[in-house]
1. Treating cross-link reach as a plain straight distance, find the lysines whose alpha-carbon is under 20 Å from the alpha-carbon of LYS94, omitting any fewer than eight places away in the same chain.
2. If you place +1 on the Cβ of every Lys and Arg, -1 on the Cβ of every Asp and Glu, and leave all else neutral, what size is the dipole of the range 431-545 about its Cα centre, to the nearest 20 Debye?
3. Would you kindly state how much longer the chain becomes between SER213 and ASN365 on full extension, computed as 0.36 nm times their sequence separation minus their alpha carbon distance, in nm to one decimal?
4. With the contact rule set at Cα under 8 Å and sequence spacing of 6 or more, what percent relative contact order holds for the range 431-545?
5. Once the other residues with Cβ under 9 Å from the Cβ of HIS332 are scored (Lys, Arg +1; Asp, Glu -1), what is the net sum?
6. Which pairs break 27 Å Cα to Cα here: LYS28/LYS269; LYS11/LYS303; LYS406/LYS440; LYS88/LYS304; LYS180/LYS253?
7. Taking 8 Å as the Cα distance limit and 6 or more residues as the minimum spacing, I'd like the relative contact order of the chain as a percentage.
8. I want the antiparallel fraction of DSSP beta bridges within the range 138-244, as a percent rounded to 5.
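What follows draws every value from the coordinates through simple rules; no lab data is involved. All figures in this text were calculated on a predicted structure; none of them were measured in a lab. FYI the Cβ positions are ideal-geometry reconstructions off the backbone, even for glycines, and counts take in every protein chain you see.
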Amino acid sequence: MKNIVYVTGHKNPDSDSICASIAYTELKNKLGIKAVASRLGKINRETQFVLDYFGVEAPLLIETVKQQVSDLDIDNIAPISKDITLKKAWSLMKKNNVKTLPVVDENETLIGIVSVSNLTSNYMDVWDNDILSKSNTSLENLIETLSGKAIYLNEKNSNCEGKIIVSAMQPESIKTIAEKGDIAICGDREDAQEMLIKAGASCLVITGGHSLSDAIINMAEKNGCSLVSTPYDSFTASRLITQSIPVGYVMTKDNLVYFSEDDFVDELKDVMLETRYRSYPVVDANHKVVGCVSRYHLISKNKKKVILLDHNERGQSVHGLEDAEILEIIDHHRIADIQTGNAIYFRNEPLGSTSTIVANIFFENGIRPSRQAAGVLCAAIISDTLLFRSPTCTSIDKMIATRLAKIADIDLEKFAKEMFKASTSLSDRTVDQLLYQDFKVFNINGMKIGVAQVNTMDLESFDSKREDMIKLMENKVKEENFNFIGFMLTDILNEGTEMFVAGPDKEVVARTYDKELKNNSMYLPGVLSRKKQVIPPITATISNTK
């Protein structure tokens, strides 16, 4: 989809990531920019509650922003029918300045490709004079190709049946070559015309635009011989007549090389290196032709356009980001490793939620968010700040949340309790779901670490899952070469976190908080924020160690 801006949060999206994307997309569309809210993973329970509460659809799930065929300015060439003439196909190629044309059936499904080489073989190869019959050429095609006029057409025989002959001889000599069903090119000699009709010709092509006598017309009607008049001379008519062959007879129909709109440009390059066609058909999901792509299209600058919210770390972002054009980044985390080729709008503020920044941008532009946008933004601020309990929370977060709550017509305390209650029970959730619900990867001074966080009001429901969670974390460390992985089980009511740690360098966490790991875990009172109370001190420990 060209000229669309994808507004997306991070992988394993939380409420802030999803809600900020939805609201910022609304703002962009109000400002006249065609934007689509996107997500990079499943909607978690808390976020689903928020979306259902305010009647908002989940953002579009995207897996990559790598450049695809649909992003290219391909040649939007209308496909042709297999029944059109070679002459018509050649005319279309010249008109559209292309070397190939896709051929489709009555359902507009690709069945072949006709190229210049297919057409030139009409002249370079030695056709036998039965070619019109073999190719099942219609009289309609013949008339069109010769710019002719039908004087009489035998309705019982609409196709050319016999061989092509040119009557450039005495009538008596015609007897030796003329056979029943022949297509005969002749001039204005009435005796020759009469001899051809008697010989059983299926069609006479009268050159030079000459008229026919009533006697010849009557004889032709009685013998079922079609009569066609052409303004061309005999030589020209003889040269053009084989161009009335339908393209379906000469097109390439085996081992077709074509692409889908969803194919990635990198894949096209590999195929084009192995083949030498000038252009290739492109089909949609229903296998209908939408155009043609050539090598020169691959230099297109139509990259997918993205706006990144709630992250600025490559490991947390969408696959194929290096092939996309980043327009903006709006975030409230540390500045990490995403680089851009051009100057962009980058807004990073030390606030409790990206949604606070997005709401501020609404108000700065004098635009009032809809009730739905205000509602999801307010919910995200509540989620990220744990209803203003988190140390990341600022007075600005509280002020903006209060303002949004009025627009959304909700009570902050009441809504927060409903949201947390709906989302924090852990009893029916697997350890996989818990670990990956909000899992982020960080690269700190050459160390690869992962930190997941789950907020809950029901710590007891996790007791039976402790051993399974440690095993899952240890397996992930080995499979993906992490130095260590941390899992934060955050108690919203008592404002503390039990930290589970696995990996060869797990002691980094113990040194950071000067606590001993017991059974791979420790309790951290007052620790609620991964962004402010976990990543910065761990970063400092790693930096001081190295």
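1. LYS82
2. That gives the range 431-545 a dipole magnitude of about 460 debye.
3. 46.3 nm
4. 23
5. It works out to a net charge of -4.
6. LYS28/LYS269; LYS406/LYS440; LYS88/LYS304; LYS180/LYS253
7. Relative contact order, the chain: 15 percent.
8. The antiparallel fraction comes to roughly 25 percent.
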